[in-house]
Amino acid sequence: MSHHLTQQLQAQGHRITPQRAAILRVIEQSDKHLTPVEVYQLTKKSLPEITEPTVYRTLTFFASQGLVMVAHMGNGQLVYEAAGHEHHHLVCRECNYSLEIDHSILEPLYQQLKESTGYEVDSIHVTFFGLCPHCRENQEEVES
Ligand SMILES: [Zn+2]
Ligand SMILES: [Zn+2]
């Protein structure tokens, strides 16, 4: 696994503290979204003295620097992952099943928004809530 996020942070003129390096390593090595608590627990393995507020502050900082993406997954839960591939999420509000969708599906919408409002929408990480096919089927059975 490369340390390209660390390099990016340095290239943007920021200091690489042991805390920042350890948190970035955790995020880079994960292949899924991590909640702040998960990031804290994983970081603690290599940096036992790190505190939870430090992890939360650092994650917010990384997000503001475009190094990590943050998404709302419902129930007020925030999740983080390394920035890089542009995607969005579909989450089932019944069973919590989540699906990743490619940004290319939404790109025409972003383009339309820009043309009709003049806004350049920059949230390339949006969560849509709904009912998955499985739960829809169950609901139809109940209703009929
Ligand atoms: Zn995501
Ligand atoms: Zn479902």
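Can you name every residue in region 120-137 that is modelled with pLDDT of 90 or more and either in contact with a Leu (Cβ under 9 Å, 6 or more places away or on another chain) or assigned to a helix (DSSP H, G or I) (or both)?
Those that are modelled with pLDDT of 90 or more and either in contact with a Leu (Cβ under 9 Å, 6 or more places away or on another chain) or assigned to a helix (DSSP H, G or I) (or both): 128, 129, 130, 132, 133, 134, 135, 136, 137.
Report whether or not residue 142 is within 16 Å of ligand 2 (Cβ to nearest atom) and either among the hydrophobic types (A, V, I, L, M, F, W, C) or not in a helix (DSSP H, G or I) (or both).
Yes: the conditions hold for residue 142.
Just one of (1) among the charged types (D, E, K, R); (2) within 21 Å of residue 9 (Cα to Cα); (3) open to solvent by less than 70 Å² (accessible area, probe 1.4 Å) trips up residue 38, so point out which.
For residue 38, the failing item is (2).
Criterion first (outside any helix (DSSP H, G or I), open to solvent by 30 Å² or more (accessible area, probe 1.4 Å) and closer than 24 Å to residue 6 by Cα) does residue 79 satisfy it?
Criteria not met by residue 79.
Counting only residues that are hydrophobic (A, V, I, L, M, F, W, C) and more than 25 Å from residue 136 (Cβ to Cβ), which one in region 77-116 is nearest to ligand 2 (Cβ to nearest atom)?
78
Tell me which residues, restricted to region 82-97, are part of a loop (DSSP other than H, G, I, E, B) and open to solvent by less than 80 Å² (accessible area, probe 1.4 Å).
Let us first name the residues in region 82-97 that are part of a loop (DSSP other than H, G, I, E, B), namely 83-86, 93-97.
Of everything in region 82-97, those that are part of a loop (DSSP other than H, G, I, E, B) and open to solvent by less than 80 Å² (accessible area, probe 1.4 Å) turn out to be 83, 84, 95.
Every residue in region 62-76 that is under 23 Å from residue 131 (Cα atoms) and surrounded by fewer than 12 Cβ atoms within 10 Å (Cβ to Cβ), please.
Across region 62-76, the qualifying residues are 75, 76.
Could you run through region 97-119 and say how many residues are under 29 Å from residue 135 (Cα atoms) and in contact with a Leu (Cβ under 7 Å, 6 or more places away or on another chain)?
Here the count works out to 3.
Which residue out of 19, 8 is of a type in the set (S, T, N, Q), in contact with a Ser or Thr (Cβ under 7 Å, 6 or more places away or on another chain) and more than 14 Å from ligand 1 (Cβ to nearest atom)?
Result of the check over 19, 8: 19.
Checking the condition acidic (Asp, Glu), within 19 Å of the chain's Cα centre (by Cα) and open to solvent by less than 100 Å² (accessible area, probe 1.4 Å), which residue from 102, 122 passes?
102
Would you mind finding the one in 47, 59, 24 that is surrounded by fewer than 19 Cβ atoms within 10 Å (Cβ to Cβ) and touching a residue at least 24 places away in the same chain (Cβ under 8 Å)?
Only one candidate passes the filter, namely 47.
The values are calculated or read from the model by the stated rules, or taken from the named source; none is laboratory data. Bear in mind the structure is a predicted one, so any value in this text is a computation, not a measurement. Neighbour counts are summed over all protein chains in view; Cβ atoms, including those assigned to glycine, are modelled from backbone coordinates with ideal geometry. Ligands, DNA and RNA are stripped out before the accessible areas are found, and what is left, the full protein with its side chains, is counted by its heavy atoms. Shrake-Rupley method; radii C 1.70, N 1.55, O 1.52, S 1.80 Å.
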